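Engineer: I'd like to ask some things about the structure below.
The values are calculated or read from the model by the stated rules, or taken from the named source; none is laboratory data. Please read all numbers here as calculations on a predicted model, not as lab measurements. Note that we place each Cβ from the backbone using ideal geometry, even for glycine, and neighbour counts take in every protein chain shown. Side chains included, ligands, DNA and RNA excluded: accessible areas come from the protein's heavy atoms. Shrake-Rupley method; radii C 1.70, N 1.55, O 1.52, S 1.80 Å.
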Amino acid sequence: MTLTRRTFTLATLALPGCTALGVLNDAAAPRDTYALQPVSSAGQTRRSSRTLLVLEPSAAAAIATDRILIKQDPLSVTYLPDARWADTVPKMFQTVLIQSIASSGQIGFVGAQGAGPVPDAVLLTRIDAFGVDRQADGTFLARMSFELTVLRDRDQRVLGTQRFATTLAVADDQADTITRSFQQALEALLRQALPWVAARVG
């Protein structure tokens, strides 16, 4: 497992007014940046000639951001102040799906919209959970849940729908710890999801 990490600082501009300056200073604060890595599949099977289009996943507004979600209680939505994902969660998840499915060697071509040949099948993804919850006892749980649907492109027939979900205990609320927990959760779920997708695509 390898997590890419980099820091960045946005250029600051002198703007009048305390409110504008406060917003600008917040935007200019350096944040460590993390990216989830694709999952390698063991025991590859024969590659088919099928093509698969992976659409950008849908997600609630609280998830569809590049910020790392951490909920201190069921009714609040907050984010780690000094860390971010390398892209919005849906776009990052789409990239990981494409790279993971392609590396499995089971499908002839896997790509995003606007790239490659006309697809035989389309993969839809809905991300339902992608964050960390603080429990009543002060411990933390990383939650990841998504639903995959495979459609046959020529007639939009649903070839299958399956939900994949897991939770992992997180030792603390530090960005390094949380992002590594997300990587572990992703690896566990995609090792279930990849053969399921390949079987639906045919």
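Engineer: Can you list the strands (runs of 3 or more DSSP E) found entirely within the stretch 53-161 that contain at least 3 residues being open to solvent by 40 Å² or more (accessible area, probe 1.4 Å)? Spell out the reasoning first.
Structural biologist: Values: elements: 67-71, 78-85, 109-111, 121-134, 140-152.
The qualifying strands (runs of 3 or more DSSP E) are 78-85, 121-134, 140-152.
Engineer: Select from the stretch 31-67 the residues that are over 17 Å from Gln94 (Cα atoms) and not small (Gly, Ala, Ser) and write down the one among them that is modelled with the highest pLDDT.
Structural biologist: Looking at residues that are over 17 Å from Gln94 (Cα atoms) and not small (Gly, Ala, Ser), I get Thr33.
Engineer: Against the definition (free of Cβ contacts under 8 Å to residues at least 60 places away in the same chain and open to solvent by less than 50 Å² (accessible area, probe 1.4 Å)), how does Leu186 come out, yes or no?
Structural biologist: Details: free of Cβ contacts under 8 Å to residues at least 60 places away in the same chain: no; open to solvent by less than 50 Å² (accessible area, probe 1.4 Å): yes.
So Leu186 fails the test.
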